[in-house]
Amino acid sequence: MQSRVPSHALSLGLLSAIGLFALDMYLPALPTISASLNADSHAVQASLISFFAAMAVSQIVYGPLSDMFGRKRPLYVGLMLYATGAIGCALSPSIEWLIAFRFLQGTGACAGVVISRAIVRDLHTGPAAAQLMSRLMLVFSVSPILAPLAGSIVTVFGDWRLIFWVMVGAGALGLVVATFFLEETRLPAARSESSIGSALRSYVTLLKDPYYLGLVFIASFGMSSYMIYVANSSFVLIEHYGLSPSFYSVVFSCNAVAFIGMSQLNGWLSRKIGLRKVIRSAVLGYAAMMVTLAFVTSLGIDRLDVMAAFLFGGYGFLGMIIPTAAVLALEHHGRIAGTASAMMGTIQFVTSAIIVGVGGLFVDGTSLPMITIIAICSTIVFLLSLVVLRSRAGAMAAAE
């Protein structure tokens, strides 16, 4: 199975990246969408929140379905919904229609995310899972680099609606990958143990597992710190710092480069020092970077190069935290990997939607509100790690 890691990483990474592709590609066009549809920044950000909310709600359905019917069939349904939603977004006559079709698109986009994590657990555990998850993250993380750049390039040849037609093509590519390059990893014998009743019991079991929940919330608040940046970066970088949409895409992509580089150390470090030591070190570095940035900004040092440098370092550490937390959380839930992955994804996106929604209330056109919320999220991750990773349950579950 080890020899298949690269191909698995490529296929699963591409399927996971489709969701972020839909999120990141239209970021440079948010101010243009605002003007085109006569909507303010809060209304345009609602299209992001509706996408988050759809991914959160839908994952909790896809997980059990993938346990009951196999990984591939629910994936096909999700990709078709994704493409349909993208078509609706491209044809939207108002911001209200755009928000509604973004929700539909989100219900499909989450399928690749939740099912890919379940497939990783089907195939591997421990350091091998960390290695595959990190390689998956390598492909997955290319999306934040390429998507905004692609969005900027697309708008040279057409308006913002063309971006969503490109997303339709991405959905079609996902269907090709799922059909021809991905084998079924949930065999019929395993499916026979799954039903709606067993899914409900599994959710109850997961909700009673403090170690699992702790790791999920570590990943969730880490992800939220990135999503608050996603939701506000175009307005802060383009309108506050005066960047062009193309240069914005380059600056935005730098954080994904850091995420990719650091995430690739996970497999090697986990074999050397263990998964729990990896995540402990990364959490400390992540919180230190983000809290220091907030402190410096609060002193009035409002400079793009300073913010970019600290975010580069902080999100680099986050690239180690999220995949490691996912591996540890799913480690002892292989029998219900789809359901466990679904709950993880639901909690992550619900948390992100709440953080983005609350953060929008404090937007004032400067970088300080965004940076402050990022620092708060990193502090919560650090405090959670102190409790979760020192617990007896954690020590037993992640025995090395």
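The values are calculated or read from the model by the stated rules, or taken from the named source; none is laboratory data. Computed from a predicted structure; not experimentally measured. As a convention, Cβ positions derive from the backbone with ideal geometry for all residues, glycine included, and neighbour counts pool all protein chains shown.
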Checking Pro28 against (1) touching a helix residue (DSSP H, G or I) at 6+ places or on another chain (Cβ under 6 Å); (2) within 19 Å of Gly108 (Cβ to Cβ), the condition it does not meet: (2)
What's the total number of residues in the range 332-366 that are surrounded by 21 or more Cβ atoms within 10 Å (Cβ to Cβ) and either outside any helix (DSSP H, G or I) or among the polar types (S, T, N, Q) (or both)? 7
Residue count for the range 33-63, restricted to those that are closer than 19 Å to Tyr203 by Cβ and over 15 Å from the mean Cα position of the chain (by Cα): 4
Somewhere in the range 233-246, is a residue over 30 Å from Val156 (Cα atoms) and crowded, with 21+ Cβ neighbours inside 10 Å? no
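If you take the residues in the range 266-295 that are of a type in the set (Phe, Trp, Tyr) and farther than 17 Å from Ala326 by Cβ, which one is surrounded by the fewest Cβ atoms within 10 Å (Cβ to Cβ)? Break it down stepwise before answering.
Pass one, the range 266-295, residues of a type in the set (Phe, Trp, Tyr): 268, 286, 295.
Among the residues that remain, those that are also farther than 17 Å from Ala326 by Cβ are: 268, 295.
Working: Trp268: 14, Phe295: 12.
This residue is Phe295.
Here is a check on your reading of the model: is Val176 part of a helix (DSSP H, G or I) and surrounded by 14 or more Cβ atoms within 10 Å (Cβ to Cβ)? Don't jump to the end; show me each part of the working.
Numbers: part of a helix (DSSP H, G or I): yes; surrounded by 14 or more Cβ atoms within 10 Å (Cβ to Cβ): no.
Against the criterion (part of a helix (DSSP H, G or I) and surrounded by 14 or more Cβ atoms within 10 Å (Cβ to Cβ)), Val176 does not qualify.
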Odd one out for Gln264 among (1) under 22 Å from the mean Cα position of the chain (by Cα); (2) modelled with pLDDT of 90 or more; (3) over 20 Å from Phe382 (Cα atoms): (2)
Please enumerate the residues belonging to the range 75-97 that are crowded, with 24+ Cβ neighbours inside 10 Å and of a type outside the set (Gly, Ala, Ser). Leu75, Leu79, Tyr82, Cys89
Over the range 308-326, the set of residues out of contact with any Gly (no Cβ under 6 Å at 6 or more places or on another chain) and buried (at least 23 other Cβ atoms within 10 Å of the Cβ) is Leu311, Gly314, Tyr315, Gly319, Met320, Pro323, Thr324, Ala325, Ala326
Here are Ser66, Ser58: which of them is under 19 Å from Gly85 (Cβ atoms) and in contact (Cβ under 8 Å) with a residue 40 or more places away in the chain? Ser58
Which condition from (1) on the phi > 0 side of the Ramachandran plot; (2) under 19 Å from the mean Cα position of the chain (by Cα) is the one that Ile354 breaks? (1)
Single condition Ala329 does not satisfy, out of (1) closer than 21 Å to Phe259 by Cα; (2) aliphatic (A, V, I, L, M); (3) surrounded by fewer than 24 Cβ atoms within 10 Å (Cβ to Cβ): (3)
